[in-house]
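A.B. asks: To start, I am sharing the structure in question, which I have written as structure tokens.
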Amino acid sequence: MAGMSITVCLPGSAAKRVDEAVAEAMAPFASDGVGAVERDVWDSYRICGSVGLPVLAGHEGDLRLVADRPRWDGSLEPAVPGECAGGPRGLIDFRDVLRAEAAGHAGRVWDRWQEVVSRHLAPDDESVFFYRHLAAGGARDSYETSREAADYRAQPAVRAWVDVAPGLARPDIADHFSFGWDPVGIGQRSREEYVATYEFSLLPLRNVLTLSGWWYELGDAPLHGACHGPLECVHQPNFGMEHPGVQSYLIALPADTLLVNVHCHV
């Protein structure tokens, strides 16, 4: 068995009954044999600041913040300065500076690729060369050393990018910015779409239980608490399962929406 944390979203009206509201939201996903979903998720949980929520500067003493609940033995986890177990969305710091840093870098990468492409013939995506290799009887494993791979890398824009990319490398923001992949994909999205993909790269990954009862564990298909299982669910999820979708959802919630960090035993 293991543990995981999830941010439970509650309406602002639940401020005076946080524990009861969290219990109601979590109930459909309990592994007690009577839950409303096909896959049981948790067998115990606790409201706590582990992988907690950062408090907006200047609001650390706000009485609307949610405090850690005691462990089974009555003890509390050591407090992490500047973090809390929950509170109104308007009191939670979504790291505007970090988001701006990641978004700004993504924008610079997109702009630089456009500059490179503007001086050369538009390159073909590497998939064109890969499938050409397969069509010629080549194996997947032999592509990297094939003539087709060499032809891909010989495209003037791709060759030029090899010289430009090291100056833009920021693997600390995202592995994507290590540039060990086909750069043609940079220009296959609009600047806005490309920036939005990496805006939240410096923020911690979060699992979320939405206001409408969707359970999102990053990397897994969302589960709806109102339905028995994914195959029977006819409802539309709040967003895709990717990290940017989770963060965008949280930021767009009304300021009085309660965000509560819950650590589960799963």
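A.B. asks: About the Cα centre of the stretch 23-139, what is the dipole size in debye to 20, counting +1 per Lys and Arg Cβ and -1 per Asp and Glu Cβ, all else neutral? List each step's numbers first, then the result.
C.D. replies: On the way: 12 positive and 19 negative charges, 67 e Å.
It works out to roughly 320 debye.
A.B. asks: Given the -39500 (n - 2.57) contribution per DSSP H run of 4+ residues, what per-residue ellipticity at 222 nm results for the chain, rounded to the nearest 500 deg cm²/dmol?
C.D. replies: Details: 7 runs with 76 residues, N = 266.
Rounded to the nearest 500, it is -8500 deg cm²/dmol.
A.B. asks: If the rule is a partner Cβ under 4.7 Å, which cysteines in the chain fail it?
C.D. replies: 9, 48, 84, 264
A.B. asks: Over the chain, what is the relative contact order in whole percent, taking alpha-carbon pairs under 8 Å and six or more residues apart? Walk me through the numbers before you get to the answer.
C.D. replies: Numbers: 417 pairs, mean separation 98.1, N = 266.
Relative contact order here is 37 percent.
A.B. asks: Could the peptides 69-75, 220-226, 94-100 be put in order, highest first, of the mean number of other beta-carbon atoms found within 10 Å of their residues? The partial results should precede the final answer.
C.D. replies: On the way: 69-75: 9.7, 220-226: 17.4, 94-100: 13.6.
Packing order, densest peptide first, comes out as 220-226, 94-100, 69-75.
A.B. asks: Please identify, among 227, 48, 84, the residue showing maximal mean-square fluctuation in a Gaussian network model of the chain using a 10 angstrom Cα cutoff.
C.D. replies: 227
A.B. asks: If you count only protein heavy atoms with a 1.4 Å probe, what accessible area per residue comes out for the chain, rounded to a whole Å²? Provide the component values of the computation, followed by the final result.
C.D. replies: Values: 13900 Å² over 266 residues.
Result: 52 Å² per residue.
A.B. asks: At a 1.4 Å probe radius, carbon and sulfur cover how many percent of the accessible area of the stretch 61-116? Don't skip to the end; give the middle numbers.
C.D. replies: Working: 1780 of 3130 Å².
Carbon plus sulfur share of accessible area: 57 percent.
A.B. asks: For the chain, build the charge dipole from Cβ charges (+1 Lys, Arg; -1 Asp, Glu) around the Cα centre, then report which of 18, 169, 75 sits farthest towards its positive end.
C.D. replies: Value: 169.
A.B. asks: Which semi-axes, in whole Å and largest first, does the equivalent ellipsoid of the chain have when worked out from the alpha carbon gyration tensor as the square roots of 5 times its eigenvalues? Each step should come with its number before you reach the end.
C.D. replies: Working: eigenvalues 375, 110, 49 Å².
Over the Cα atoms of the chain, the semi-axes work out to 43, 23, 16 Å.
A.B. asks: With a 1.4 Å probe and all protein chains kept in place, how do 26, 241 rank by accessible area, largest first? Please list the in-between numbers first.
C.D. replies: Working: 26 0, 241 80 Å².
If we order 26, 241 from most to least accessible, we get 241, 26.
A.B. asks: What's the carbon and sulfur percent of the stretch 135-260's accessible surface, probe 1.4 angstrom, rounded to a whole number? Before the final figure, lay out each step's value.
C.D. replies: Working: 3510 of 6480 Å².
On the stretch 135-260, the fraction of accessible area on carbon and sulfur atoms equals 54 percent.
The values are calculated or read from the model by the stated rules, or taken from the named source; none is laboratory data. None of the values given here were measured: they were computed from a predicted structure. So basically every Cβ, Gly included, is an ideal-geometry build from the backbone, and we count neighbours across all protein chains shown. Just so you know, the surface numbers come from the protein's heavy atoms only, side chains and all, with ligands and any DNA or RNA stripped out. Shrake-Rupley method; radii C 1.70, N 1.55, O 1.52, S 1.80 Å.
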